[in-house]
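K.L.:
Questions regarding the structure given below will be posed in turn.
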Amino acid sequence: MPQLRVLFTQEEIRSTVGRLAREISRDYEGKNPLLIGVLKGAVIFMADLMRLLDMPLEVEFVRLSSYGRGKVSSGKVRVVRGLLRLPIKDRDILVIEGIVDTGITLDFLLGWLRRKRPASLRVCALFDKAMCRKVSVPIDYLGLSVPNEFVVGYGADWDEKFRNLPGLYVLEEENQPQGA
Ligand code: IMP
Ligand code: MG
């Protein structure tokens, strides 16, 4: 079994989501944003965040292809399923992402959304692996910085597993020599 080492506790994540909700509430006061969550990783974050936003809003989700079974981005992104039904044009769009790693996924999504001519387009990302960036992407609301390690929990998976863990954990390699 892979070993899990805690990086952020449930409580640390909870207070970070609260802080992000306050920033978003302040900036979107009087507006009616459309939150677009990136499936599947952002589901838990979206669920927690949206309940702290005291304003009229709507939600949508997009499903993009990314890592498959591997831990390294394939570099190829596509919209796997066009779940978007609500119009993007002239809306204030806030993309909700779990983890930004290379930036390739988010860069693709932002380009795709921009072509639909939203009134505004911003990004809220809970976890940022900035050291892994290959494409620079704007993050307007940033939760927590994560070191260059593969993490799971709070929506993030490895091979579809561990999404249900309440905190964020580093997935340590099996058969790795300990205490070296
Ligand atoms: P990017 O295109 O490399 O920025 O990857 C973004 C996507 O890869 C995120 O939406 C996550 O679903 C996934 N991802 C990136 N890093 C990790 C990780 O450490 N654990 C689990 N999923 C990750
Ligand atoms: Mg994944």
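K.L.:
Considering only residues that are closer than 23 Å to residue 148 by Cβ and hydroxyl-bearing (Ser, Thr, Tyr), look in the stretch 87-131 and name the one that is surrounded by the most Cβ atoms within 10 Å (Cβ to Cβ).
P.N.:
In this case the residue turns out to be 105.
K.L.:
Looking only at strands (runs of 3 or more DSSP E) that lie completely in the stretch 1-84, which have at least 2 residues being at pLDDT 95 or above and more than 17 Å from the chain's Cα centre (by Cα)?
P.N.:
3-8
K.L.:
What is the number of the single condition among (1) modelled with pLDDT of 95 or more; (2) part of a loop (DSSP other than H, G, I, E, B); (3) more than 10 Å from ligand 1 (Cβ to nearest atom) that residue 176 does not meet?
P.N.:
Answer for residue 176: the failing condition is (1).
K.L.:
Another one. Scanning the stretch 117-164 for residues that are acidic (Asp, Glu) and under 15 Å from the mean Cα position of the chain (by Cα), which turns out nearest to ligand 2 (Cβ to nearest atom)?
P.N.:
Going through the qualifying residues, I end up with 157.
K.L.:
Moving to a separate point now. Can you tell me how many residues within the stretch 150-171 are part of a strand (DSSP E or B), more than 7 Å from ligand 1 (Cβ to nearest atom) and in contact with a Leu (Cβ under 6 Å, 6 or more places away or on another chain)?
P.N.:
Final tally of qualifying residues: 4.
The values are calculated or read from the model by the stated rules, or taken from the named source; none is laboratory data. Computed from a predicted model, the values in this text were never measured in an experiment. Glycine gets a Cβ as well: all are built from the backbone with ideal geometry, and neighbour counts include every protein chain shown.
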